[in-house]
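Peer 1: For reference, the structure I am asking about is given below.
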Amino acid sequence: MVLTLRRGTPADAAPCGVIAYEAFKAIADHHNYPPDFPSPPVASEILAMLLSHPGFYSVVAERDGRIVGSNFLDERSTITGVGPITVTPALQNSGIGRRLMEDVMARARDRKAAGVRLVQSAYHRRSLALYAKLGFDVREPLSGMEGAPFRARLPGYEVRSGASPDAAACNALCARVHGCDRAGEVADAIRQGTLSVVEHAGRISGYATGIGWFAHAVGESNNELEALIGAAPSFLGPGFLLPTRNTELFRWCLAHGLRLMQQMTLMTIGLYSEPAGAYLPGILY
Ligand SMILES: CC(C)(COP(=O)(O)OP(=O)(O)OC[C@H]1O[C@@H](n2cnc3c(N)ncnc32)[C@H](O)[C@@H]1OP(=O)(O)O)[C@@H](O)C(=O)NCCC(=O)NCCS
């Protein structure tokens, strides 16, 4: 049986989406968690977006001409982000995931990416072991929060929609907190109309590309994140991720009725500096 890897195309969205749904559902069912994607069409829709976006690299695994898995690399910013990676359940644990990971890691090396990041479900022993073996370091426990958006205003921290003239301030803030900007994602959020910024003491001191799994937020302090979460009209996807060691923000979310859904792990290779501020990562980190 021959395994081949090739670049993905938009035509792969439907079969890869079914595999992505089934792969996550199989492991989630095993641990009594809800599946990451609610249905195959939703998974296909999200993968279709990634497969047609010039900022994402994709790889599809085929065995004897049949698609058996896929993986993605978010190349929109200085630090690249891996995922979602999925292998059809019947063939998991037979080396295909390792090949898909090695492919995107080679791609990141070829492009001289400063670093590679990913987020994995903490209950998934296999992916944690695989990523550690491939060289990823564990950086941060994350909490997946879910629940209904709530309105909470923080005096002195005004949230408004962001637009192109705000990009430079957002990118400079991200560089101060994380050591590098995430300009590609900020530009996408402006195009999609999901960027929010916080103004405090006459400057932009926080921003969010959205509050959700496929978005990220950065602030000088927890005040900015509380203002952004409190102003969010909706959480994009099943909720959002927060660094669990930020216990103050974790408690604040719990006090506002949000529920802890699952634990996840932020893992990195290459450039990583301990954040000098507050942040919410996305699922692609
Ligand atoms: C995660 C996933 C992509 C991995 O792909 P896979 O084909 O099953 O994994 P592989 O067989 O290539 O690699 C598994 C590795 O982990 C090792 N492993 C598995 N369970 C382990 C454990 N409990 N402890 C230590 N090592 C373990 C295997 O020995 C293997 O190591 P090796 O490559 O050195 O031989 C696949 O399982 C999947 O689709 N899971 C569901 C979706 C998902 O969770 N995606 C990842 C989101 S973060």
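The values are calculated or read from the model by the stated rules, or taken from the named source; none is laboratory data. Here the structure is a predicted model, which is why all the values come from computation and not from measurement. Neighbour counts run over all protein chains shown; Cβ positions are idealised from the backbone, glycine included. Keep in mind that these areas ignore ligands, DNA and RNA; they rest on the heavy atoms of the full protein, side chains included. Shrake-Rupley method; radii C 1.70, N 1.55, O 1.52, S 1.80 Å.
Peer 1: With the cut-off at 1.5 for a/c, could you classify segment 146-285 from its C-alpha gyration tensor as rounded, prolate or oblate? Walk me through the numbers before you get to the answer.
Peer 2: On the way: a/c = 1.38, a/b = 1.10, b/c = 1.26.
Rounded.
Peer 1: Could you give each residue of segment 116-124 its phi-based ³J(HN,Hα) in whole Hz, using Karplus coefficients 6.51, -1.76, 1.60 with θ = phi - 60°, and x for Gly or Pro?
Peer 2: 10, 10, 7, 10, 10, 6, 4, 6, 8
Peer 1: Determine, from the Cβ-Cβ distance of Leu3 and Leu260 and an R0 of 30 Å, the FRET efficiency 1/(1 + (r/R0)^6), rounded to the nearest 0.05.
Peer 2: Between Leu3 and Leu260 the formula returns 0.20.
Peer 1: So what is the relative contact order of segment 176-285, in percent, for Cα pairs below 8 Å that sit 6 or more residues apart?
Peer 2: Relative contact order, segment 176-285: 32 percent.
Peer 1: Taking the Cα atoms only, what angle lies between the long axis of helix 167-178 and the longest principal axis of the chain, rounded to 10 degrees?
Peer 2: Roughly 80 degrees between the two axes.
Peer 1: In whole percent, how big is the carbon plus sulfur part of the accessible area of segment 1-88, probe 1.4 Å, protein atoms only?
Peer 2: Roughly 59 percent of what the probe reaches on segment 1-88 is carbon or sulfur.
Peer 1: What is the magnitude of the charge dipole of segment 1-112 about its Cα centre, with +1 placed on the Cβ of each Lys and Arg, -1 on the Cβ of each Asp and Glu, and no other charges, expressed in debye to the nearest 20? List each step's numbers first, then the result.
Peer 2: Details: 12 positive and 12 negative charges, 79 e Å.
Around 380 debye, computed over segment 1-112.
Peer 1: What accessible area per residue, rounded to a whole number of Å², is obtained for segment 1-147 using a probe radius of 1.4 Å?
Peer 2: Result: 45 Å² per residue.
Peer 1: Next question, about the same structure. Would you mind checking which residues have amide H under 5 Å from Gly135's amide H? H placed 1.01 Å from N; only 5 or more apart, or other chain.
Peer 2: Correct list: empty.
Peer 1: Which FRET efficiency, nearest 0.05, do Arg176 and Glu274 yield, Cβ-Cβ r, R0 22 Å?
Peer 2: Step by step, r from the Cβ atoms, then E = 0.95.
Peer 1: Roughly how big is segment 156-223's charge dipole about its Cα centre, with Cβ charges of +1 (Lys, Arg) and -1 (Asp, Glu), in debye to the nearest 20?
Peer 2: On the way: 5 positive and 7 negative charges, 6 e Å.
Taking the Cα centre of segment 156-223 as origin, the dipole is about 20 debye.
Peer 1: Next question, about the same structure. How many percent of DSSP beta bridges within the chain run antiparallel, rounded to 5?
Peer 2: Of the beta bridges lying entirely in the chain, close to 95 percent run antiparallel.
Peer 1: Taking +1 at the Cβ of each Lys and Arg and -1 at the Cβ of each Asp and Glu, which of Ala23, Gln92, Tyr131 sits farthest along the dipole of segment 11-133 towards its positive end, judged by Cα position relative to the Cα centre?
Peer 2: Result: Tyr131, furthest along the dipole toward the positive end.
Peer 1: I'm a student and want to see the number: the projected area of the Cα convex hull of the chain, averaged over all directions, in nm².
Peer 2: 13.9
Peer 1: If each of Ala201 and Ala90 carries a label point 7 Å out from its Cα toward its Cβ, how far apart are those two points in nm?
Peer 2: About 6.1 nm separates the two model spin labels.
Peer 1: Please give the peptides 232-239, 149-156, 168-175 ranked by average Cβ packing (other Cβ atoms within 10 Å per residue), highest first, as a rough proxy for protection. Kindly include the intermediate steps, with their values, before the conclusion.
Peer 2: Numbers: 232-239: 17.1, 149-156: 12.4, 168-175: 18.8.
Per-residue Cβ counts within 10 Å, averaged per peptide and sorted highest first, yield 168-175, 232-239, 149-156.
Peer 1: On to the next question. Report the Cα centroid-to-centroid distance between segment 42-56 and segment 113-133 in angstrom, as an integer.
Peer 2: Centre-to-centre distance over Cα atoms comes out at 21 Å.
Peer 1: If I take every Cα pair under 8 Å that is 6 or more residues apart in the chain, average their sequence separation and divide by the length, what percent do I get for the relative contact order?
Peer 2: Answer for the chain is 20 percent.
Peer 1: Would you please classify the overall shape of segment 1-70 from the alpha carbon gyration tensor, given that a ≥ b ≥ c denote the square roots of the eigenvalues, rounded means a/c under 1.5, and beyond that prolate means a/b larger than b/c while oblate covers the rest?
Peer 2: Oblate, since a/c reaches 1.5 and b/c is not below a/b.
Peer 1: Whenever you get a sec, compute what percent of the accessible area on segment 140-281 sits on carbon and sulfur atoms (1.4 Å probe).
Peer 2: Working: 3130 of 5710 Å².
For segment 140-281, the apolar C and S fraction of the accessible surface comes to 55 percent.
Peer 1: With no solvent and one point on each alpha carbon, what is the Debye value of log10 I(q)/I(0) for segment 194-273 at q = 0.14 Å⁻¹?
Peer 2: -0.49
Peer 1: Something else: Between Ala132 and Ala11, what length in nm is gained on full extension when 0.36 nm per residue of separation is reduced by their alpha carbon distance?
Peer 2: 40.3 nm
Peer 1: Taking only protein heavy atoms into account and a 1.4 Å probe, give the accessible area per residue of segment 149-285 in Å².
Peer 2: Details: 5530 Å² over 137 residues.
Spelled out: the 1.4 Å probe surface of segment 149-285, per residue, equals 40 Å².
Peer 1: If you don't mind, there's one more thing I want to ask. Each residue of segment 140-151 in order: what ³J(HN,Hα) in whole Hz does its phi give by Karplus 6.51 cos²θ - 1.76 cosθ + 1.60, θ = phi - 60°, with x for Gly and Pro?
Peer 2: Ordered by residue, 3J(HN,Hα) equals 7, x, 10, 10, x, 9, 9, x, 7, x, 10, 9 Hz.
Peer 1: Would you calculate the volume per residue, in Å³, of the smallest convex hull containing every Cα atom of segment 69-180?
Peer 2: For segment 69-180, the hull spanned by Cα atoms encloses 171 Å³ per residue.
Peer 1: Given a Förster distance of 45 Å, report the FRET efficiency between Glu102 and Ala168 from their Cβ-Cβ distance, rounded to the nearest 0.05.
Peer 2: Efficiency for this residue pair is about 0.75.
Peer 1: Let me spell out the model: positive unit charges on the Cβ of Lys and Arg, negative unit charges on the Cβ of Asp and Glu, origin at the Cα centre of segment 182-285. What dipole size does that give, in debye rounded to 20?
Peer 2: About 200 debye.
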